[in-house]
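The structure appears right after this line, and notes come after that.
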Amino acid sequence: MATATLLGLEKKSLREQALAALRTAITSGALEPGRHLVETELSEMLQISRGTLREALRQLQQEGLVSAGARGRLSVRHLAAKEIRDIYSVRAALESLAARTLCELPDRQHVIGSLRTAIQAMEAATHGTMEERVESDLDFHRTMCRLTGNETLLHSWESLEGSIRMSIMFAGLDKGVRNMSVDRHNDIVAAIETGDASLARKTIHEHMESAAAVLVA
């Protein structure tokens, strides 16, 4: 197992650093789907107590990156095709609500400006690492939800982030990148800019349906 992402933690905020290191190891594939997580091994590699490790693992379980099997034994979550379709179906519902809400704003110019800035970040990440591309893609969708001002909507979307990352990792680099097309995201912004809520919802649903189809193909 690659250990570079699991070493060198500072004493400050050990739980947060352990959480970030484990999350990166899982979403990068260094800790592959289905791998059993052995507390003694991980706590030694991270140089933290098993109590601190358990706190981080509990958070990862809530994020959908880790799952409990028989006798509560934790392992890196493995997503089946149906689970990915379910995740993207829920995403479609949440993000279509976000798009409709943004369409109903009397002044959408600041919203459109923020979304276009997010797309520029996606363009800048085109030649970056896979992790940078994933983060810029997720940031676009997170921004869309945040701009609604609906904290419940944003929190609901963020609770899916771990599962979304896992679905991308499950599919692999080539398929994941196909879903990060800047043009596809420009279509969403253009639909919101019209103020036509029906068009915006339709665009989001088509975006998510095609994304899920690519990932499970």
Residue that is open to solvent by less than 50 Å² (accessible area, probe 1.4 Å) and acidic (D, E), where the choices are E123, E161, E151: E161
Candidates S136, S198, filtered to the one that is part of a helix (DSSP H, G or I) and under 30 Å from S67 (Cβ atoms): S136
The one condition in (1) open to solvent by 10 Å² or more (accessible area, probe 1.4 Å); (2) more than 13 Å from the chain's Cα centre (by Cα) that R133 fails to fulfil: (2)
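Yes/no per residue for (1) open to solvent by less than 30 Å² (accessible area, probe 1.4 Å); (2) of a type in the set (A, V, I, L, M, F, W, C); (3) over 16 Å from L79 (Cβ atoms):
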site	(1), (2), (3)
M166	yes, yes, no
G176	yes, no, no
S181	no, no, yes
R184	no, no, yes
R201	no, no, yes
A211	yes, yes, no
V216	no, yes, no
Boolean, R184 is more than 21 Å from L102 (Cβ to Cβ), basic (K, R) and without any contact (Cβ under 8 Å) to a residue 40 or more places away in the chain: no
Subset tally (residues that are closer than 12 Å to L160 by Cα and acidic (D, E)) for segment 47-82: 1
Count - residues of segment 91-131 that are over 14 Å from V182 (Cα atoms), among the charged types (D, E, K, R) and assigned to a helix (DSSP H, G or I): 4
Pairs, first modelled with pLDDT of 95 or more in segment 100-118, second among the small types (G, A, S) and assigned to a helix (DSSP H, G or I), C-beta under 8 Å, six or more apart: R100/A197; R100/A200; L102/A200; C103/A197; C103/A200; E104/A197; A118/S136
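Take the conditions open to solvent by 40 Å² or more (accessible area, probe 1.4 Å) and within 25 Å of A30 (Cα to Cα) and apply them to R71. Does it pass? Write out each step before concluding.
On the way: open to solvent by 40 Å² or more (accessible area, probe 1.4 Å): yes; within 25 Å of A30 (Cα to Cα): yes.
Taking the combined requirement at face value, the residue satisfies it.
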Residue in segment 43-68 that is surrounded by the fewest Cβ atoms within 10 Å (Cβ to Cβ), counting only those that are in contact with a helix residue (DSSP H, G or I) (Cβ under 6 Å, 6 or more places away or on another chain) and without any contact (Cβ under 8 Å) to a residue 40 or more places away in the chain: R50
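The values are calculated or read from the model by the stated rules, or taken from the named source; none is laboratory data. Quick caveat, the model's predicted, so the values are computed rather than measured. For neighbour counting, all protein chains shown are included, and Cβ atoms are generated from backbone atoms with ideal geometry for every residue, glycine included. Calculation scope for accessible area: heavy atoms of the full protein, side chains included, ligands and nucleic acids excluded. Shrake-Rupley method; radii C 1.70, N 1.55, O 1.52, S 1.80 Å.
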